Amino acid sequence: MRDKRIIRIRNPTLRQFRNNLRKLWLSLILNRNYQMKIKQEDLVNHSGGPFFRTKDHVEQYMNLKYSMVEAKRMGNYSICICPICFSHEEDMIWDSFSETWYCVLCHYKIYKIELSGGDKNRISRKKYNDRRHY
Ligand SMILES: [Zn+2]
């Protein structure tokens, strides 16, 4: 993949569709993590004594923990969310140096690049104003 690759969608309807798909993906990850957290709690001995009843429970607990971390990593390193500002509504840029997708504004902040007029118009006005004061 090239050093910098921007995925832009200019059509507002398509942007909304993309954003909804991103929200759906992220909510699936959150829901899956929540279900695994409940399973983890069921493995813990809440009646006092040792934290786990058996070694098998320890292994299951750790496997669930690993799966939860992996699911969170999948979400954070996907094109669906910016790992810095957690926006899921912006165009994203692939940064081959960090091997991460960033939103346009955060990427430009990292590399100290001035926003072009088109980028300023596409980034939500509130977000742009909030970020100007960093
Ligand atoms: Zn961002």
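Bear in mind that the values in this text are calculations on the coordinates, not laboratory data. Here the structure is a predicted model, which means the values were calculated and not measured. For neighbour counting, all protein chains shown are included, and Cβ atoms are generated from backbone atoms with ideal geometry for every residue, glycine included.
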Next item on the list: List nothing, just return the count: lysine pairs in segment 4-131, 8 or more apart or interchain, with Cα separation under 21 Å.
Entry: 20
Margin query: Contact order normalised by length for segment 4-131, with contacts defined as Cα pairs under 8 Å and 6 or more residues apart; what percent is it?
Written below: 25 percent
Check: What does the charge count near TYR66 come to, summing +1 for each Lys or Arg and -1 for each Asp or Glu among other residues with Cβ under 14 Å from its Cβ?
Finding: +4
